[in-house]
1. If we scan segment 77-88, do we find a residue that is in contact (Cβ under 8 Å) with a residue 40 or more places away in the chain, surrounded by fewer than 22 Cβ atoms within 10 Å (Cβ to Cβ), in the same structural domain as residue 124 (by TED's automatic domain parsing) and not in a loop (DSSP other than H, G, I, E, B)?
2. Among 16, 80, which is the only one that is modelled with pLDDT of 95 or more, in contact with a Phe, Trp or Tyr (Cβ under 8 Å, 6 or more places away or on another chain) and within 15 Å of residue 112 (Cα to Cα)?
3. Of the residues that sit in segment 135-166 and are aliphatic (A, V, I, L, M) and at pLDDT 75 or above, which one is farthest from residue 90 (Cα to Cα)?
4. Condition (residue is crowded, with 16+ Cβ neighbours inside 10 Å, of a type in the set (Val, Ile, Thr), in the same structural domain as residue 76 (by TED's automatic domain parsing) and over 21 Å from the mean Cα position of the chain (by Cα)) applied to segment 14-32: is it met by at least one residue?
5. If you scan segment 56-72, which residues turn out to be of a type outside the set (Gly, Ala, Ser) and either within 15 Å of residue 98 (Cα to Cα) or part of a helix (DSSP H, G or I) (or both)?
6. Just checking, which of 8, 57 is buried (at least 18 other Cβ atoms within 10 Å of the Cβ), touching a Gly at 6+ places or on another chain (Cβ under 8 Å) and either modelled with pLDDT of 95 or more or on the phi < 0 side of the Ramachandran plot (or both)?
7. Can you name the condition, by its number, that residue 71 falls short on among (1) surrounded by 22 or more Cβ atoms within 10 Å (Cβ to Cβ); (2) within 23 Å of residue 123 (Cβ to Cβ)?
8. Every residue in segment 91-109 that is touching a residue at least 24 places away in the same chain (Cβ under 8 Å), surrounded by fewer than 16 Cβ atoms within 10 Å (Cβ to Cβ) and closer than 18 Å to residue 14 by Cα, please.
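The values are calculated or read from the model by the stated rules, or taken from the named source; none is laboratory data. This is a predicted model, so every value here is computed, not measured. As a convention, Cβ positions derive from the backbone with ideal geometry for all residues, glycine included, and neighbour counts pool all protein chains shown.
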Amino acid sequence: MKHLILADDHNLFGAAVSLLLSQLDSEIEVTVANSVPHVLDLFDAGAHADLILLDYDMPIVDGVAGMDMIWERNPDQSIAIISGIAPPHTVKFAIEKGAKGWLQKNLQKEQLLHAIRMMASGAVYVPVEVLKAIDQIEERWGALTQAENGVVQLVAEGYSDKEVANHLSITPKTVQMLTCPPRLPHS
């Protein structure tokens, strides 16, 4: 791996990761961007990357949505998400969309370098504890009906109750009943 683009809206974090990686492996060049539009500007200016790390939670465009924007211009680009959080359903969704991995910002430096090398070579990296959480959720989701799974999937993808209802030919009230726990009456 030669070149990495790190997109994170926290400039100090980007600079620190860049410095850390250059100390761990002098062959890695890191370009820091502060947003997905900044990454696209870099590509317009002729930049290339073996791997792009996108912060999950950025203003303007988050990392998961940013993957699609980047793939519109460069369909073969390897992209991974880096974040301080790892919601299992979101991690699974990102990996299924084609992300090469999900890095947590609390990784040890050796783990970070290993994960970056893995993803740059084409492998997928997801921390073991996140994989376990995904398995637990899937076990619970396995008890849902096909219709309930359809609602959950569309809601996880960001569709509104009305859009889910229209897509599945059900009422918005049915969507709300399936996605919101019932409220207990006040005593």
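1. yes
2. Answer to the selection: 80.
3. 165
4. Yes, segment 14-32 contains at least one residue that is crowded, with 16+ Cβ neighbours inside 10 Å, of a type in the set (Val, Ile, Thr), in the same structural domain as residue 76 (by TED's automatic domain parsing) and over 21 Å from the mean Cα position of the chain (by Cα).
5. 56, 64, 67, 68, 69, 70, 71, 72, listed by residue number.
6. Residue meeting the stated conditions: 8.
7. Every condition holds for residue 71 apart from (1).
8. 109
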